[in-house]
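Working notes, beginning with the structure itself.
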Amino acid sequence: MSEAAQATGLVKVFGGTRAVDGLDLSIPHGSFYGIAGPNGAGKSTAIRMLVGLLQPDAGSASVDGMDVWPDPLQAKAVLGYVPDNPVLFDRLSGQEMLEYAGLLRGMDREVIRQRSQELIRVLDLEGASDKMIADYSLGMTKRIGLAVALLHSPRLLVLDEPFGSLDPVNTQVMEEMLQRYRTGGGTVVFS
């Protein structure tokens, strides 16, 4: 059986700086897999290469047995990604953001509605689903970013510093959701 994600010899150079230098990873299905290191160690760069947002200078990456490069679209269909600061349309409500993300992924409107309601409930955003994201706290923004990443039921969830700057309550909500996701057969990778 293939791994949930794998990287072999990943390299990324910016100018004269080698941000990632021959990284090898093998991430088993159903695991919580952490990528640790000090600031500037290349964690976010490695993650962006793994999820198809940044093309490596050398090496290869695969997700669920599919090569990420040179065409990352197929791999992106089976993974969810939440950056440190989720990029969201802050003039949309949380519900509208989820609908928009689902439509971009080509999902059926009824499936979007059902999955959105479930995620909003599980991530404790019911009282804020109709508020503009611009009015969300940092914790709420990270939770709606997680909901966007989970909306299409990915097999692999990649989170870049998901708990940074979160209070204990938001951290607990996120941890509980990640445990549910992994128990349901998903794989979680985080820095």
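Quick note: the coordinates plus some simple rules give every number you see, no bench work behind them. All figures in this text were calculated on a predicted structure; none of them were measured in a lab. Positions of Cβ are backbone-derived with ideal geometry, glycine not excepted, and every protein chain shown enters the neighbour counts.
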So which residue, out of Gly15, Gly59, Gly42, gets the largest mean-square fluctuation from a GNM of the chain using Cα contacts under 10 Å as springs? Gly15
From the phi of every residue in segment 148-158, what ³J(HN,Hα) in whole Hz does the Karplus formula 6.51 cos²θ - 1.76 cosθ + 1.60 yield, where θ is phi - 60° and glycine or proline is x? 4, 5, 8, 3, 8, 6, x, 8, 10, 10, 10
Long-range HN-HN contacts of Ala58 with modeled amide H, under 5 Å: Val11
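Using the Cα gyration tensor of segment 109-191, with a ≥ b ≥ c the square roots of its eigenvalues, what is the shape: rounded (a/c below 1.5), prolate (a/b larger than b/c) or oblate (neither)?
Cα axes put segment 109-191 in the oblate bin.
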MRE, 222 nm, helices only [DSSP H, n ≥ 4, -39500 (n - 2.57), over the chain, to nearest 500]: -10500 deg cm²/dmol
The simple spin-label model distance between Asp90 and Val78, using points 7 Å out along Cα→Cβ, in nm, is 3.6 nm
Quick one: which residues, 5+ away or cross-chain, put their amide H under 5 Å from the amide H of Ser31? H built at 1.01 Å from N. Val188
Spatially proximal aspartates and glutamates relative to Lys12 (Cα-Cα < 19 Å; intrachain offsets below 8 disregarded): Asp21, Asp24, Asp57, Asp67, Asp71, Asp160
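Counting residues in segment 64-153 as N, plug N into 2.2 N^0.38 Å and put the Cα Rg over that result.
1.10
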Can you classify segment 1-77 as rounded, prolate or oblate using the Cα gyration tensor, where a ≥ b ≥ c are the square roots of its eigenvalues, rounded means a/c under 1.5, and otherwise it's prolate if a/b beats b/c and oblate if not? oblate
Most to least packed among 174-184, 114-124 [average Cβ atoms within 10 Å]: 114-124, 174-184
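Once you charge only the Cβ atoms, +1 for Lys and Arg and -1 for Asp and Glu, what is the size of the charge dipole of the chain about its Cα centre, to the nearest 20 debye?
The calculated dipole for the chain is roughly 100 debye.
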What list of ³J(HN,Hα) couplings, whole Hz, do you get for segment 14-25 from phi and the Karplus terms 6.51, -1.76, 1.60, once you set θ to phi - 60° and write x for glycine and proline? 10, x, x, 9, 8, 6, 10, 10, x, 6, 10, 9
Relative contact order (percent) for the chain, with alpha-carbon contacts under 8 angstrom and 6 or more residues of separation? 26 percent
Using a cut-off of 13 Å between beta-carbons, work out the net charge of the residues near Leu156 (Lys and Arg +1, Asp and Glu -1, Leu156 not included). +1
Under 17 Å Cα-Cα from Lys131, which aspartates and glutamates qualify once same-chain neighbours fewer than 8 residues away are excluded? Asp90, Glu96, Glu99
Tell me the Kirkwood hydrodynamic radius of the chain in angstroms, computed as one over the mean inverse distance between distinct C-alpha pairs. 17.0 Å
Env charge @ Val169, Cβ radius under 13 Å, K,R +1 / D,E -1, value -2
